[in-house]
Amino acid sequence: MKIETLFKLGMDRTIKPLLDFPDGIVLNLGAGNKLIEGSVALDYPEWDADSMPIPYQDGAVSGVHAYHFLEHCSDPVAVLIEVNRVLCKGGVCNIIVPYYKSQMAAHDFDHKKIFCEETWRVLFDNPYYNKNRIEWKFEIGTNIIIGVVERNLALMTQLVKI
């Protein structure tokens, strides 16, 4: 059974199915010790998300992993602008961040930002960013709160470049 089917049966709601990355370059932002086969790890000190662009041309990347990374960035919006730039049309960005109500969001002194299920919609609909010529090209795909225990809830999101 697919998770979307179980969710529909149990919650009487639908979630979008997770998409696979199209063929091409896949990045793992803030990889740390979580190296993912077939992806290019971008991490500090070789790449600093707070001061360096993603070192790929516009539309050159087909997929991005960003797991427990954006909450550590001083400016996650700037990182998402870069992801928006480098992803090809139909490219996919998978994000997992601590959910704002969880202990996981508060237990690390290096966490700079918090996220909830409305974070992406509010960001992409915010007229401030549109006024500053940011043309978001993301559709919010799967966007659910996940966890095994309440203290470790996370937000799992899949953004698709349109």
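Comparison of 149, 122 shows that the only residue that is exposed (fewer than 13 other Cβ atoms within 10 Å of the Cβ), modelled with pLDDT under 95 and farther than 22 Å from residue 81 by Cβ is 149. With the requirement that a residue be among the β-branched types (Val, Ile, Thr) and modelled with pLDDT under 95, what does the stretch 28-71 give you? Listed by number, the list is empty, since nothing qualifies. Among the residues of the stretch 134-151, none qualifies, meaning not one is assigned to a helix (DSSP H, G or I) and within 18 Å of residue 74 (Cα to Cα). Against the test of being at pLDDT below 95, under 18 Å from residue 67 (Cα atoms) and within 17 Å of the chain's Cα centre (by Cα), the options 105, 154 yield a single qualifying residue, 105. Checking each residue in the stretch 7-23 for being modelled with pLDDT under 90 and not in a loop (DSSP other than H, G, I, E, B) picks out only 7.
Only residues that are open to solvent by less than 10 Å² (accessible area, probe 1.4 Å) and over 11 Å from the mean Cα position of the chain (by Cα) were counted across the stretch 74-102, and they come to 5.
The values are calculated or read from the model by the stated rules, or taken from the named source; none is laboratory data. The model shown is predicted, which means the values in this text are computed figures rather than measured ones. A quick note on method: Cβ atoms are made from the backbone with ideal geometry, for glycine too, and the neighbour counts reach across all protein chains shown. To get the accessible areas, we keep the full protein, side chains included, count just its heavy atoms, and leave off ligands, DNA and RNA. Shrake-Rupley method; radii C 1.70, N 1.55, O 1.52, S 1.80 Å.
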